[in-house]
1. Sort out which residues of region 1-18 are within 16 Å of the ligand (Cβ to nearest atom) and under 20 Å from the mean Cα position of the chain (by Cα), and write them in order of number.
2. Kindly check whether there is at least one residue in region 53-68 that is of a type in the set (D, E, K, R), closer than 24 Å to residue 27 by Cβ and modelled with pLDDT of 85 or more.
3. Identify, from the list 233, 200, the residue that is under 19 Å from the mean Cα position of the chain (by Cα) and either surrounded by fewer than 17 Cβ atoms within 10 Å (Cβ to Cβ) or part of a loop (DSSP other than H, G, I, E, B) (or both).
4. How about region 153-197: which of its residues are part of a strand (DSSP E or B) and farther than 20 Å from residue 100 by Cβ?
5. Does any residue in region 51-62 that is open to solvent by less than 10 Å² (accessible area, probe 1.4 Å) come within less than 9 Å, Cβ to Cβ, of a residue that is within 10 Å of the ligand (Cβ to nearest atom) and in a helix (DSSP H, G or I) six or more places away or on a different chain, and which pairs are these?
6. Please go through region 171-182 and give me each residue that is within 20 Å of residue 225 (Cα to Cα) and either buried (at least 20 other Cβ atoms within 10 Å of the Cβ) or without any contact (Cβ under 8 Å) to a residue 40 or more places away in the chain (or both), ordered by number.
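The values are calculated or read from the model by the stated rules, or taken from the named source; none is laboratory data. For clarity, every value in this text was computed on a predicted model and none was experimentally measured. All Cβ positions, even for glycine, are placed from backbone atoms using ideal geometry, and neighbour counts span all protein chains on display. SASA here: full protein model, heavy atoms, side chains in, ligands and nucleic acids out. Shrake-Rupley method; radii C 1.70, N 1.55, O 1.52, S 1.80 Å.
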Amino acid sequence: MTGNILVVEDEVDIQEIVSYNLEKAGFGVVAVDSGETALESIRKRIPDLVVLDLMLPGMDGLEVCRLLKQDATTRDLPILMLTARAEEVDRVVGLELGADDYVVKPFSARELTLRVQAILRRLAEGRDPSAAESDPEAMRFGSLTIDKAAHRVTVDNDVLALTSTEFSLLATLADRRGRVQTREELLNTVWGYDYAGYGRTVDTHIRRLREKLGDASEMVETVRGVGYRFTPRRQ
Ligand code: CA
């Protein structure tokens, strides 16, 4: 897998190790150490993905994310957030910022590279031109429609603004409807890896997904101590 990655991180050690590992994995990397220089770099050339540290001197990662999502030319640019504390995760995922994923420091460089690859792979699947037409066989569950070919979810015919991660999570649960999925199974399928201790990642994205689904969120059930299950309802 190839592509150009912009790494925005002011901590020199982390910036270097992330850049080195992404380059080793075949990516082209531009590394900068502030939000301002990141925006400057993106104006010159839009990368395929941004690895964005939350805590930056001056303009922080949330502000950079917000500005990128406001601008039509960079709205769909995937963002992988780096956060220093698990407590920040809710802010990153919860603020409608549209960050595609996040990793909590300290993380292994290999883990970060896997995350980058997983996001780009999901996007490539979603952008497959042969799959751009909407599928008459889209999954319908009452008011909820999941159109995997068009990468689109609607509730009462309103298109939901889901991140690629949320879409993949919902589609996976719906594909396996009626069956309980553990957090590990979901991590494996949706994120492309299974790291112990990342159950919270699944929980956070499920919470966000449910908020967006509104009434249809009833179909995404929590199975205490195990994981999640999609149970279709006719509404
Ligand atoms: Ca930092």
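1. Across region 1-18, the qualifying residues are 6, 7, 8, 9, 18.
2. Yes, region 53-68 contains at least one residue that is of a type in the set (D, E, K, R), closer than 24 Å to residue 27 by Cβ and modelled with pLDDT of 85 or more.
3. That would be 200, the only listed residue that is under 19 Å from the mean Cα position of the chain (by Cα) and either surrounded by fewer than 17 Cβ atoms within 10 Å (Cβ to Cβ) or part of a loop (DSSP other than H, G, I, E, B) (or both).
4. 154, 155, 158, 181, 182
5. 52/61; 53/14; 53/15; 53/61; 54/61
6. Listed by number, the residues that qualify are 172, 173, 181.
Matching residues to (1) more than 26 Å from residue 76 (Cβ to Cβ); (2) under 14 Å from the mean Cα position of the chain (by Cα):
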residue: 145; (1), (2): no, no
residue: 154; (1), (2): no, no
residue: 170; (1), (2): no, yes
residue: 173; (1), (2): no, no
residue: 204; (1), (2): no, yes
residue: 207; (1), (2): no, yes
residue: 229; (1), (2): yes, no
